[in-house]
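Novice: Got a structure here, written out as structure tokens. Questions coming.
Computed from the coordinates by the stated procedures, all read-outs in this text should not be read as laboratory data. Predicted model, so just to flag it, every value in this text is computed and none were measured. Neighbour counts are summed over all protein chains in view; Cβ atoms, including those assigned to glycine, are modelled from backbone coordinates with ideal geometry.
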Amino acid sequence: MLETLFNKLEALLNEHASAAVLRDHLALLRERVALLERQNADLRFQADQAQAQAQESQSRLDRFANDNPGGLRCDACGSVDLARTGSRADPTFAALGIKQALMTCRPCGHVSVFTIDP
């Protein structure tokens, strides 16, 4: 499409102006268009990468929200990337139905214990 446009411009310029000067200007224009097309391709690639990163981040956030809805943090490293790996009766308040949740930190592997309501 652009090549056709350039050819028509070149023909028009050859008829109405100094061919040598106009060819030089047309060559510069073609170089600029080629540069813009390369930049456009690079930006599209970067946009695709950013979109993929955003989707990965969203899926991680969704996983954290499902696995750790209270936003609890690892006792060892402070990460919120915890997975509930079990529960046990609270040693003090078991008679009241209070339990402790065992949460394993995905980054460091530490098991943290949190008291939860029934």
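Novice: Round to the nearest 10 and give me the degree value, 0 to 90, for the angle of helix 19-67's Cα axis relative to the longest principal axis of the chain.
Specialist: Value to nearest ten degrees: 10.
Novice: Here is a further query. Can you give the Rg and Dmax of segment 69-118 based on its C-alpha atoms, in angstrom?
Specialist: Answer for segment 69-118, Rg first and Dmax second: 11.1, 34 Å.
Novice: With everything on Cα atoms, drop me the angle between helix 2-16 and the longest principal axis of the chain, reported from 0 to 90° to the nearest 10.
Specialist: Approximately 30 degrees, to the nearest ten.
Novice: Follow-up. If packing is taken as the mean number of other Cβ atoms within 10 Å per residue, what is the order of 71-78, 54-61, highest first? Write down the numbers at each step before the final one.
Specialist: Numbers: 71-78: 14.2, 54-61: 10.2.
My ranking of the peptides, most packed first, is 71-78, 54-61.
Novice: A further question on this structure: Hey, can you rank 23-32, 98-107 by average C-beta count inside 10 Å, highest first? Please report the intermediate quantities before stating the final value.
Specialist: Details: 23-32: 12.4, 98-107: 17.4.
Output ranking for 23-32, 98-107: 98-107, 23-32.
Novice: Here's something else I'd like to know. In nm², what is the average projected area of the convex hull enclosing the Cα atoms of the chain?
Specialist: Details: hull surface 48.3 nm².
One quarter of the hull surface, i.e. the mean projection, equals 12.1 nm².
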